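Everything on this sheet refers to the single structure shown next.
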Amino acid sequence: NSTQGSKERIGQLMRFRGKKQEMVAEAGPGEIVGVAKLSGFKSFDTFSEGSNSIVYPAPAIPEAALSFSIAPKVKGTEDKLGNAISKIMDEDPTLRVFRDTETSETIISGMGDVHLDVAIAKFRDKFGVEVVRGIPKIAYKETILAQAEAEGKHKKQTGGRGQYGHCFLRVQPLPRGSGFEFVDEIFGGAIPRQYVPSVEKGVREAMARGVLAGYPIVDIKVTVYDGSFHPVDSSDIAFQLAGILALQKAVQSAKPVLLEPIMNVEVMVPQEFVGDTMGTINAKRGRVLEMTAHGNNQVIKAQVPLAEMSNYATELRSLTSGRGTYTMSFSHYEEVPAHLAEKIIEAKKAEKEMVKT
């Protein structure tokens, strides 16, 4: 194996004629043959005679056009699915599988419906793993549009030592993509130094939970500027809980909104389908940025919310009689229109209620 720099013994060569296999003693330049039981080889590896080591460059792999979320049908077979994914990606480099840390889903991407159907059938038939597929969840986020302040107090008195944590927070919006900034403006020992990190830890925990629909809060500056403590009852956990309460109250008063991922979309279609293609992009809340000629085709560059692109591969194929192609990549986050945000929030609440029951 010239690509991997390893050696392996070649067994029987086979030439395929439909379903039939014909054993051959040798194969020359340009011939297509099969070799069984090669344990260390991956697709696009080059193998050659040891004295004439040649490595051919791997061909460029096109961008995936369709994605689904997948999960094992039978609980407890997650490890088996993981092993199957590793092997099938070695066999087919055009198939991409990754874990979406934002939504905790496993996403499989390929060239189209048939490609993904074959892969899912292979999970079942070759590796013995049944999977279910669905539309990937959208990684929404939350942020704020205004400044606000709030107090968080956690006070609990039991028979013995109690709990006491108390802080005041100010929240301010940051430019999109800035992330999170925590500022300590405590003076005069209102909160002891050792408890300020506890407040920040609580703030981060509350941000991860969100306040509108359980999505993480981003692009926010949080300042702790006042508070109080008890010499006996104050503790790390008490100030964490105070930070959680203060952050939740402050964000609720700071005009919270939902953010959605916006994608750069590039669609190539024959000239006669340009009008209809642009119409579908506009209907998906998309913005057409530019259009350029590419031979007999036109390339339309646009930005479209990811939530509108779940079935676009099928739509484009139907619209252009299979002659249109597209690629998509992440661009940035934007505020979700208010009427759609309400629906998303209600759906998320209903989902949580179903989990409880």
All strands (runs of 3 or more DSSP E) inside segment 1-82 with 1 or more residues being farther than 24 Å from F127 by Cα: 13-17, 20-24
Pair list, Cβ under 7 Å, 6 or more apart: segment 305-325 residue assigned by TED's automatic domain parsing to the domain that holds D276 and loosely packed, with under 15 Cβ neighbours inside 10 Å, other residue part of a helix (DSSP H, G or I) and modelled with pLDDT under 90: T314/D113
Single condition D79 does not satisfy, out of (1) closer than 30 Å to Y215 by Cα; (2) within 26 Å of the chain's Cα centre (by Cα); (3) surrounded by 13 or more Cβ atoms within 10 Å (Cβ to Cβ); (4) acidic (D, E): (3)
Segment 281-304: number of residues that are of a type in the set (A, V, I, L, M), surrounded by 14 or more Cβ atoms within 10 Å (Cβ to Cβ) and out of contact with any Gly (no Cβ under 6 Å at 6 or more places or on another chain): 5
Tabulated pairs, segment 1-27, first β-branched (V, I, T), second assigned to a strand (DSSP E or B) and at pLDDT 85 or above, C-beta under 9 angstrom, 6+ apart or interchain: V24/L13; V24/M14; V24/R15
Contacts under 8 angstrom Cβ, first residue in segment 107-124 being touching a residue at least 12 places away in the same chain (Cβ under 8 Å), partner surrounded by fewer than 13 Cβ atoms within 10 Å (Cβ to Cβ) and of a type in the set (K, R), 6 or more apart: I107/R99
Some residue of segment 152-164 being among the aromatic types (F, W, Y), more than 21 Å from the chain's Cα centre (by Cα) and not assigned by TED's automatic domain parsing to the domain that holds R317: yes
Residue count for segment 256-272, restricted to those that are free of Cβ contacts under 8 Å to residues at least 60 places away in the same chain and not polar (S, T, N, Q): 5
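The values are calculated or read from the model by the stated rules, or taken from the named source; none is laboratory data. Note that this is a predicted model, so its numbers are computed, not measured. We place every Cβ from the backbone using ideal geometry, glycine too, and count neighbours over all the protein chains shown.
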